[in-house]
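K.L.:
Please see the structure below; I have some questions.
The values are calculated or read from the model by the stated rules, or taken from the named source; none is laboratory data. All of these numbers come straight from a predicted model, not from anything done at the bench. We place every Cβ from the backbone using ideal geometry, glycine too, and count neighbours over all the protein chains shown. Just the protein is used for accessible areas: all its heavy atoms, side chains included, with ligands, DNA and RNA removed. Shrake-Rupley method; radii C 1.70, N 1.55, O 1.52, S 1.80 Å.
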Amino acid sequence: MNGTIPLGRFAGVPVRAHPSALIMVVGFTVMLAVDTLPSLTVASTPAYWLTAGIFGVLFVGSLLAHEFAHAALARRLGIPVESVTLWMFGGATALGYDPPTPGKAAGIAGIGPAVNGGLGVVSYVLAAGLGPDWLSGLPTAGLLVLTVFNLLLAVLNLLPGAPLDGGRLLQAWLWHRSGDRARATATTAVIGQGLGGGLIGFGTVLLVNQNILDGFWLLMLGSFILAAASAERAAPPRARVPDVPVGQVMTVNPIIAPAWWTVEEFIGHLINHGFPYRLFPVRDEQGAPVGMVTRGDLFGIEPSLRRTVHVRDITHPLDSRFLARPDEPLAAVIRRTPLRPAQDTVIVIDDRGPIGVLTATDVRRTSTTAA
Ligand SMILES: [Zn+2]
C-alpha cells in the first residue's frame, strides 16, 4: 500500500497506517458518541464522548489483535512477517512469502477471525457481568457495541472469496483436496471478484435509496475486494504457459546477495538496480548458495542497525518451493509457486549455484512472444 505512515514496531513487526485509517477510527468514534450510545442508554454528552473515545481505542485494538494473530502464527511457522498495516477497511498483514502447505495457510488465515470471535465472546461476558445499571449503563453499552463489532469483523472476514480470510481458508481446502495450488488460487480469486461485484451492486442500491454512508462504504469495500481478487487472477494461468524449460525463460545473471555484506550495503546495491524482484539468493565467499533473503527481511531491519547487521544474519534456508532447475518445465514450477506479478520470485539453480531468477514478468514476456 502506498503512502502509509510508520507508527513504530510491535514484537519486532513494523506497524504502519494509511491516512484512511484515521477516517475509519474517527468515523467509528463519532458514530458511537452521537448515534449508537445515545440510542442505547441515557447519559450526558461528555460521558458519551469519553465512552466513545475509550471504545474507539478498543476498536483499533480489536483490528490489531486480528492482524497480530496472523503475524504471530506465521512467524511461529517460520514465515517472515513484513508489516502490519491499518487502513480504511481494517488491517492487512504482509508475509514474506505465501505459506508452504495448505495446513499452514488455513491456520494463518483462520486465526484472525477466530481471535475476533473470542474477543466478541469476552466482551459479551463482561457486559453481562456488569449489567445494565452499572454507571448508567454506558460501559455495558460500549461492551455490547464491541461485541457486535468483533462478531461482524469475524463474519465479514470469513466471506469465502480472495483476498478475505474466508477466501484463503477455501483456497487452502481446495489446494489440500486437489494438490493444485494455482487452480485453487484462481477459483477463490473468481469468487472474490463475484463477491466484490455483489457488494458494489448492493452498495449502489443503498445509495439510490438515500442510505449514503452505508452505500458508499459498501461500494468502496466492494471495489477493493474486486481489485485485489482481480490482481490474484492476473497470475499467469497454467493453461497458457508455454511448454518450455525454465532455463529458456529466466532472467540470467541474477542479483546475488553476498552473505558477508551489511544490510545497508546490499540495500544500496538494490537501489542502484531498481529492486528488480523480491527474493534474492545468498552466497558465501566461495560462491556457494547458502540461503535466500527477501526484500521484506532487509527492510525489516531498523535503519540504525543496517550498518551492523549482515546479510547472513537474516538469511533463510533455501526453500524448495522457490527453487527450480533450468531444465524443469515452466508449468511444473508455476504449479508450485503461482508467480503473481510483483510478488513471487523463483531462484534458478544448477550445480554451480544460482544462475537465474524467474518472475511473472519473465513468464509474461514468453507468453506474449509465444502467442
Ligand atoms: Zn485477516
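K.L.:
Pull up all non-local amide H partners of R16: gap of 5 or more, or a different chain, and H-to-H distance under 5 Å with H placed in the peptide plane.
P.N.:
L7, V84, T85, L86
K.L.:
Still on this model: Please calculate the 1.4 Å probe accessible area of S304, with all protein chains present, and give it to the nearest 10 Å².
P.N.:
Approximately 90 Å² of S304 is accessible to the 1.4 Å probe.
K.L.:
For region 1-120, with only Lys/Arg (+1) and Asp/Glu (-1) charged at the beta-carbon, what is the dipole magnitude about the Cα centre, in debye rounded to 20?
P.N.:
Details: 5 positive and 4 negative charges, 60 e Å.
Magnitude of the dipole: close to 280 debye.
K.L.:
Let me ask something else. Calculate I(q)/I(0) for the chain by the Debye formula, one identical point scatterer on each C-alpha and no solvent, and give its log10 at q = 0.08, 0.10, 0.14 Å⁻¹ to two decimals.
P.N.:
Result of the Debye calculation: -0.49, -0.73, -1.23.
K.L.:
Shifting gears a bit: Go through 309-317, 140-148 and give me the packing order, highest mean Cβ count within 10 Å leading.
P.N.:
Numbers: 309-317: 17.0, 140-148: 21.4.
For the peptides 309-317, 140-148, the packing ranking is 140-148, 309-317.
K.L.:
Along the positive direction of the dipole of the chain (beta-carbon charges: Lys, Arg +1; Asp, Glu -1; about the Cα centre), which of V13, S230, V348 reaches farthest?
P.N.:
Most positive-ward Cα: V348.
K.L.:
Packing-wise, with mean Cβ within 10 Å as the measure, how do 24-36, 151-163 rank, highest first? Walk me through the intermediate numbers first.
P.N.:
On the way: 24-36: 16.9, 151-163: 19.5.
Per-residue Cβ counts within 10 Å, averaged per peptide and sorted highest first, yield 151-163, 24-36.
K.L.:
Highest first, please rank the peptides 167-173, 252-258 by the mean number of other Cβ atoms sitting within 10 Å of their residues.
P.N.:
On the way: 167-173: 23.9, 252-258: 16.4.
The densest-packed peptide leads the list: 167-173, 252-258.
K.L.:
Can you work out the Karplus-derived ³J(HN,Hα) for every residue in region 112-125? Use 6.51 cos²θ - 1.76 cosθ + 1.60 with θ = phi - 60°, whole Hz, and x for glycine or proline.
P.N.:
x, x, 4, 4, 5, x, x, 5, x, 5, 4, 5, 5, 5
K.L.:
For region 240-370, I need the span (max minus min coordinate) of the C-alpha atoms along each principal axis, in Å, sorted largest to smallest.
P.N.:
47, 27, 22
K.L.:
From the helices alone, meaning DSSP H stretches of at least four residues, give me the mean residue ellipticity at 222 nm for the chain, per-run term -39500 (n - 2.57), in deg cm²/dmol to the nearest 500. Don't skip to the answer; put the middle values down first.
P.N.:
Values: 13 runs with 199 residues, N = 371.
After summing the helix terms and dividing by the residues of the chain, the value is -17500 deg cm²/dmol.
K.L.:
Please list 3J(HN,Hα) in residue order for region 209-217, calculated via the Karplus relation 6.51 cos²θ - 1.76 cosθ + 1.60 where θ = phi - 60°; whole Hz, with x for glycine and proline.
P.N.:
The phi angles translate into 8, 6, 8, 4, 5, 5, x, 5, 4 Hz.
K.L.:
Still on this model: What is the ratio of the Cα radius of gyration of region 1-134 to 2.2 N^0.38 Å, with N the residue count, to two decimals?
P.N.:
Numbers: Rg = 17.3 Å, N = 134, 2.2 N^0.38 = 14.1 Å.
Against the compact-globule rule of thumb, the ratio is 1.22.
K.L.:
Would you check the accessible area of M88, probe 1.4 Å, heavy atoms only, in square angstrom rounded to 10?
P.N.:
Using a 1.4 Å probe on the heavy atoms, I get roughly 40 Å².
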